1. Given the criteria over 17 Å from the mean Cα position of the chain (by Cα), over 27 Å from E102 (Cα atoms), surrounded by 14 or more Cβ atoms within 10 Å (Cβ to Cβ) and of a type in the set (A, V, I, L, M, F, W, C), does A134 qualify?
2. Please enumerate the residues belonging to the range 112-121 that are under 23 Å from R160 (Cα atoms) and surrounded by fewer than 22 Cβ atoms within 10 Å (Cβ to Cβ).
3. Being out of contact with any Leu (no Cβ under 7 Å at 6 or more places or on another chain), modelled with pLDDT of 95 or more and under 21 Å from E149 (Cβ atoms) is the filter here, so list the residues in the range 170-185 that pass it.
4. Can you say whether I127 is of a type in the set (V, I, T) and surrounded by fewer than 18 Cβ atoms within 10 Å (Cβ to Cβ), as far as the supplied structure shows?
5. Just give me the residues in the range 87-116 being assigned to a helix (DSSP H, G or I) and of a type in the set (S, T, Y), in sequence order.
6. So T81 clears everything in (1) among the polar types (S, T, N, Q); (2) within 29 Å of L174 (Cβ to Cβ); (3) in contact with a His (Cβ under 8 Å, 6 or more places away or on another chain) except one condition, right? Which one?
7. Looking at the range 89-127, which of its residues are among the acidic types (D, E) and modelled with pLDDT of 90 or more?
8. Could you please let me know if R160 is farther than 24 Å from S195 by Cα, out of contact with any strand residue (DSSP E or B) (no Cβ under 6 Å at 6 or more places or on another chain) and among the basic types (K, R)?
Amino acid sequence: REYYDITRGKSDRNGKDLVGELPNIFKTVERLIGLGVAKKDALLAIVSNMADFLRFSGITAEIKGHLSKAGLIAKEADDTTGEANCIYGLGYIHLRESRNDEAKAAYEGALALYRRVGHIMGEANCIAGFGWLAINEGRIDEGIGKADEAIGLYEKIKDRYNISYTYERLGNALSGKAGYEEAAKEYLRRAKEISESLPSSRSEG
């Protein structure tokens, strides 16, 4: 419950406060699994939202261990989406910490799982990740192409939040890069236009 209150700004606590509680949460889930109680439901309550959890909890050494553990639990429970979310989350952390080879491998692994179950948002997130990785490595045109490919998938599922976010991140990534100044301005303009049309708060799934 508190997870959702925090994401909606209805709690005095923040995401980092919950990071310290993850060990106890996992103990509870493992106990439920051991007792054979609501195995799938208990896992989905934690594992399937781990990627979203990263968005507001912050990047810490502890979260990487929890993601790895959650991914294994999801795999054992045949929760392919949950497993993919955890692998994607690890890729996100690797990218933020400039471990490009590890990020690429994680995104490839998550992408294969997302495609197996037809999870379009997850597929788009991974493709966008390849784009940020390419831009970080100086392959700017390739990165733009991947970001555009991801936007096409977000459009397919009418995910205007992630379309806006991708345009904004692309614009920021290109700002100050010679030859891409006008493109950066256009991407930021599109991001702002879409963002202004969105509801003031986004419902977390």
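1. Numbers: over 17 Å from the mean Cα position of the chain (by Cα): yes; over 27 Å from E102 (Cα atoms): no; surrounded by 14 or more Cβ atoms within 10 Å (Cβ to Cβ): yes; of a type in the set (A, V, I, L, M, F, W, C): yes.
Judged against the criteria, A134 is not a match.
2. Of the residues in the range 112-121, the ones under 23 Å from R160 (Cα atoms) are 114-115, 117-121.
If the condition is that a residue be under 23 Å from R160 (Cα atoms) and surrounded by fewer than 22 Cβ atoms within 10 Å (Cβ to Cβ), then R115, V117, G118, H119, I120, M121 are the ones that fit.
3. L170, N172, A173, L174
4. Spelling it out, it is not the case that I127 is of a type in the set (V, I, T) and surrounded by fewer than 18 Cβ atoms within 10 Å (Cβ to Cβ).
5. Y88, Y92, Y107, Y114
6. Status for T81: all satisfied but (2).
7. D101, E102, E108, E123
8. On the way: farther than 24 Å from S195 by Cα: no; out of contact with any strand residue (DSSP E or B) (no Cβ under 6 Å at 6 or more places or on another chain): yes; among the basic types (K, R): yes.
No: the conditions fail for R160.
The values are calculated or read from the model by the stated rules, or taken from the named source; none is laboratory data. Note that this is a predicted model, so its numbers are computed, not measured. Every residue, glycine among them, receives a Cβ derived from its backbone with ideal geometry; neighbour counts consider all protein chains shown.
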